[in-house]
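A.B. asks: Supplied in structure tokens, the structure appears directly below.
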Amino acid sequence: MKEFTCVSCPMGCKLNAFEEESGYKITGYSCKRGLQYGLQEMEDPRRNISSTVRIQNGFLSMLPVKTSAPIPKDRIFSVMEIINNQKIEAPVSVGDVIIPNILETGVDIIATRNMACS
Ligand code: SF4
């Protein structure tokens with residue numbers, strides 16, 4: 001049995017997952033979103049990442065970025081390595097794709113603020 005918290009809304013229901021022959025059984029949820037979250041967390045856990053990349057010729061030296069969608073949890077370290085080694089040039093607009101389809105996950109790394117040239 002695994003215990004974890006549903007993060008789909010601020011209620012934070014405590015979920016329990018039991019492995020059965022037919023798949024995972026989830027208990028403790030108060031709505032369908034909690035059941036979906038529990039199954040996803042057991043079968044294919046994913047996380048969003050927020051980070052920064054180095055930017056040249058910008059009025060700041062680091063640009064905040066995030067994933068366009070959650071990525072598989074077991075790819076986080078590899079994704080962070082790529083983000084940490086990335087260097088880009090200003091100007092950048094919020095929503096610009098900084099790294100497309102990172103590690104062929106179908107998820108982009110996108111800018112979360114504008115960065116004009118210095
Ligand atoms: S189970 Fe439903 S009510 Fe409970 S935290 Fe998850 S989304 Fe919110």
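A.B. asks: Starting from the range 27-38, take each residue that is touching a residue at least 12 places away in the same chain (Cβ under 8 Å) and of a type in the set (F, W, Y) and list its partners that are in a helix (DSSP H, G or I) and within 7 Å of the ligand (Cβ to nearest atom), counting only C-beta distances under 8 angstrom and pairs at least six apart or across chains.
C.D. replies: Filtered contacts from the range 27-38: Y29/Y37.
A.B. asks: Filter the range 79-107 down to residues that are crowded, with 16+ Cβ neighbours inside 10 Å and among the small types (G, A, S), then give me how many there are.
C.D. replies: Within the range 79-107, residues that are crowded, with 16+ Cβ neighbours inside 10 Å and among the small types (G, A, S) number 1.
A.B. asks: May I pose another question? Pairs under 8 Å by beta carbon, first residue under 10 Å from P64 (Cα atoms) and part of a loop (DSSP other than H, G, I, E, B) in the range 98-118, partner open to solvent by less than 50 Å² (accessible area, probe 1.4 Å) and not charged (D, E, K, R), six or more apart or different chains?
C.D. replies: T112/P64; T112/V65; R113/L63; R113/P64; N114/V92
A.B. asks: Please go through (1) of a type in the set (A, V, I, L, M); (2) in contact with a Phe, Trp or Tyr (Cβ under 6 Å, 6 or more places away or on another chain); (3) free of Cβ contacts under 8 Å to residues at least 12 places away in the same chain for M62 and return the number of the only condition it doesn't satisfy.
C.D. replies: Checking M62 against (1) of a type in the set (A, V, I, L, M); (2) in contact with a Phe, Trp or Tyr (Cβ under 6 Å, 6 or more places away or on another chain); (3) free of Cβ contacts under 8 Å to residues at least 12 places away in the same chain, the one that fails is (2).
A.B. asks: Taking the conditions exactly as written (open to solvent by less than 50 Å² (accessible area, probe 1.4 Å) and either in contact with a Leu (Cβ under 6 Å, 6 or more places away or on another chain) or of a type in the set (S, T, N, Q) (or both)), does I110 satisfy them or not? If you could, list the steps in order and put the result at the bottom.
C.D. replies: Details: open to solvent by less than 50 Å² (accessible area, probe 1.4 Å): yes; either in contact with a Leu (Cβ under 6 Å, 6 or more places away or on another chain) or of a type in the set (S, T, N, Q) (or both): no.
No: the conditions fail for I110.
A.B. asks: Something else now. Does the range 41-57 contain at least one residue that is under 17 Å from T112 (Cα atoms), away from the ligand (no atom under 16 Å from the Cβ) and touching an Asp or Glu at 6+ places or on another chain (Cβ under 8 Å)?
C.D. replies: yes
A.B. asks: Let me ask you something else. Scan the range 30-69 for residues that are in a strand (DSSP E or B) and open to solvent by less than 70 Å² (accessible area, probe 1.4 Å) and jot them down. Walk me through how you get there before you give the answer.
C.D. replies: Quick first cut of the range 30-69, residues in a strand (DSSP E or B) only: 46-47, 50-56, 58, 62-67.
Answer for the range 30-69, where residues must be in a strand (DSSP E or B) and open to solvent by less than 70 Å² (accessible area, probe 1.4 Å): S51, T52, V53, I55, G58, L63, P64, V65, T67.
The values are calculated or read from the model by the stated rules, or taken from the named source; none is laboratory data. Not measured: the values here are computed from a predicted model. Using ideal geometry, Cβ is built from the backbone for each residue, glycine included, and neighbour counts are taken over all protein chains shown. Remember, those area values only see protein heavy atoms, side chains included, never the ligands or the DNA or RNA. Shrake-Rupley method; radii C 1.70, N 1.55, O 1.52, S 1.80 Å.
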